[in-house]
Amino acid sequence: MPNQGQPGSGTQAVWAGEGKNGWWGATQVPVVHSVAFGYTDVDVWQDAALGRIPGHIYSRNTNPTVFAFEEKVRLMEGAEASTSFASGMAAISNILFTLLSPGDRIVSVKDTYGGTNKLFQEFLPRFQIKVELCDTADHEKIEAAIAKGCQVLYLETPTNPTLKVIDIARLAKAAHQVGAIVVADNTFATPINQNPLALGADLVLHSATKYLGGHADALGGIVCGSKELVARIYHYREITGAALDPMAAYLLLRGMKTLHLRIRQQNESAMRIAQFLATHPQVSHVFYPGLDSHPHHEVARRQMRGFGGMLSFMLKGGFNAVRTFLPRLRYAHLAANLGAVETIAGPPVTTSHVECTPEERAAMGIPEGLIRYSVGIEDTEDLIADLQQALP
Ligand SMILES: *Cc1c(COP(=O)(O)O)cnc(C)c1O
């Protein structure tokens, strides 16, 4: 079917942010390592420095390679503006410290990424910012917490590592009634599977380290939203300095050109692997929003175009079984990462929630015997056979 208006997400993954007439006709965005950009006319220099005309000044602020990456993600998330960071955590901390002041209140959920949870528990309270973390699936409770008044509602969906799904549209509506800004971490879903801004969020962020880059060779973070909000966050980052490196931006840009192909494959494999594990006698539970049995399957169907490449499961033998199972996997790195072309597996104890104490993990409802499995782009049959031979 011919595409009349907006190009499809695959076309955007390849072309967005990349002009046809780049430097010296280069078909690929060059890596501009230069820290500073020179001018021959002081008036033009001043106009660029004051943002009256386009032009780069200093790479902590803006850089041509970094800008191309920011544009690609911005267009894929359907946003007015975007700005990038040295890592996903740099994005999250810069967003929160831009939006929140002493005395403010933020509402979020218990199941956010481990580092984000640390910000909530350890760092924000030091600045007299009140944090209320609700049970992730309990929409009524979250709405009640929002109704008490807050400046920010912070969501992450699907969640890490138990793949809960939060209804973004429903909670964004509640947050806007009290004038709060809605922030959504879209790392797990990617813009291929979900666009939080279209569902009512004000800001969408990514750990670009994961699916956007997709090759586990570059750290990065990004936030997209309205010009006004992104300008405030950009200003904070420009001064605090967590800028994305041009070489990392180049690797992320290159990785993104195949984002739609990787996600399509990972969606499909994860679904089949989840179905396989769900019927295996040694597996006590599978967490995957694509399964009919998943408690949030209906919400996931409504707000996602695909259910993603992340799943987790529990073995009947508990942590002891996990310890023998994991090293038997032939096609999985046992590592603290996700969203790459290779399959990656590990328990949350050593990966996403390594920063948390056993008590904190228990409070977040993360079983110690859980295995997080990030499906790569290998052949589905090979991954299933690998799991089969490794399972007890
Ligand atoms: C990895 C991750 C982060 C943090 O990103 P870094 O690039 O490692 O700083 C934040 N949110 C989610 C959901 C993640 O998976």
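The values are calculated or read from the model by the stated rules, or taken from the named source; none is laboratory data. Note that the coordinates shown come from a computational prediction; the quantities given were computed from them, not determined experimentally. We place every Cβ from the backbone using ideal geometry, glycine too, and count neighbours over all the protein chains shown.
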Near pairs, Cβ below 8 angstrom, 6+ apart or cross-chain, from the stretch 361-372 (on the phi > 0 side of the Ramachandran plot) to any residue that is modelled with pLDDT of 75 or more and among the charged types (D, E, K, R): GLY365/LYS110; GLY365/ASP111
Residue that is farthest from the chain's Cα centre (by Cα) [pool: residues in the stretch 96-121 that are at pLDDT 95 or above and hydroxyl-bearing (Ser, Thr, Tyr)]: SER101
Subset of the stretch 342-383 [crowded, with 16+ Cβ neighbours inside 10 Å and β-branched (Val, Ile, Thr)]: THR343, ILE344, VAL349, THR351, ILE366, ILE371, VAL375, ILE377, THR380
ILE377 being outside any helix (DSSP H, G or I), in contact with a Gly (Cβ under 8 Å, 6 or more places away or on another chain) and away from the ligand (no atom under 15 Å from the Cβ): no
Given (1) within 16 Å of the ligand (Cβ to nearest atom); (2) crowded, with 22+ Cβ neighbours inside 10 Å; (3) of a type in the set (Gly, Ala, Ser), index of the condition ALA175 fails: (1)
Some residue of the stretch 250-263 being basic (Lys, Arg), under 20 Å from ALA68 (Cα atoms), within 14 Å of the ligand (Cβ to nearest atom) and surrounded by fewer than 24 Cβ atoms within 10 Å (Cβ to Cβ): no
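Got a sec? Which of GLU140, GLU122, GLU70 is in a helix (DSSP H, G or I), closer than 29 Å to LEU244 by Cβ, without any contact (Cβ under 8 Å) to a residue 12 or more places away in the chain and not hydroxyl-bearing (Ser, Thr, Tyr)?
One residue alone meets the criteria, GLU122.
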Residues within the stretch 123-155 that are crowded, with 17+ Cβ neighbours inside 10 Å, out of contact with any helix residue (DSSP H, G or I) (no Cβ under 7 Å at 6 or more places or on another chain) and not hydrophobic (A, V, I, L, M, F, W, C), tallied: 2
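Condition check ((1) among the polar types (S, T, N, Q); (2) in contact with a helix residue (DSSP H, G or I) (Cβ under 7 Å, 6 or more places away or on another chain); (3) closer than 20 Å to GLN266 by Cα) across all residues:
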{"residue": "GLY317", "(1), (2), (3)": "no, no, no"}
{"residue": "PRO327", "(1), (2), (3)": "no, no, no"}
{"residue": "HIS333", "(1), (2), (3)": "no, no, yes"}
{"residue": "ALA345", "(1), (2), (3)": "no, yes, yes"}
{"residue": "THR350", "(1), (2), (3)": "yes, no, no"}
{"residue": "PRO367", "(1), (2), (3)": "no, no, no"}
{"residue": "SER374", "(1), (2), (3)": "yes, no, yes"}
{"residue": "ASP379", "(1), (2), (3)": "no, no, yes"}
Matching option when the condition is more than 15 Å from the ligand (Cβ to nearest atom), in a helix (DSSP H, G or I) and touching a Phe, Trp or Tyr at 6+ places or on another chain (Cβ under 6 Å), among ILE384, ILE371: ILE384
So SER284, is it polar (S, T, N, Q), out of contact with any Ser or Thr (no Cβ under 7 Å at 6 or more places or on another chain) and more than 16 Å from the ligand (Cβ to nearest atom): yes
Counted residues, the stretch 322-359 - those being away from the ligand (no atom under 13 Å from the Cβ) and part of a loop (DSSP other than H, G, I, E, B): 12
Residue among GLY200, GLY241, GLY214 that is assigned by TED's automatic domain parsing to the domain that holds PHE69, without any contact (Cβ under 8 Å) to a residue 40 or more places away in the chain and on the phi > 0 side of the Ramachandran plot: GLY200
